[in-house]
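Worksheet: one structure, shown below.
Read-outs throughout are calculated quantities, based only on the coordinates presented, and are distinct from any laboratory measurement. Note that this is a predicted model, so its numbers are computed, not measured. Glycine gets a Cβ as well: all are built from the backbone with ideal geometry, and neighbour counts include every protein chain shown.
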Amino acid sequence: MLGSIAVAALALVMGAGAAWAHHGWSGYDATKELTLSGTIRASGYEHPHGGVQLETPDKTWKVVLAPPSRMENRGLTRQMLAPGTPAKVVGYPSREHPDEMRAERITIGDKTTELR
């Protein structure tokens, strides 16, 4: 029961964030590339953009990914984004939300997926 509640809450958070992120990429600072390594704590694989909560040594980041169809076409499956999975993301920080970034690429294991 508690697990179902946590999954539902995550879906709401990821969905709400993805909805406003869909309004364009100008809210991200492409002059400040970030490379983050950490552990996926939660993930969403829904439209308009998937996303993960990535726990790094400093903080937990909301990472906005590509649309699910693009991720699938490039070989990044929902199962690869499972909680507990180590990941490295490269992308740009949000101008408005200090714990958010837009990912350009994500590496899971030895597979790097270009998202843009």
Return the total of residues in the range 28-69 being of a type outside the set (D, E, K, R), assigned to a strand (DSSP E or B) and farther than 16 Å from residue 92 by Cβ.
9
Scanning the range 70-106 for residues that are assigned to a helix (DSSP H, G or I) and either among the β-branched types (Val, Ile, Thr) or without any contact (Cβ under 8 Å) to a residue 12 or more places away in the chain (or both), the one surrounded by the fewest Cβ atoms within 10 Å (Cβ to Cβ) turns out to be 79
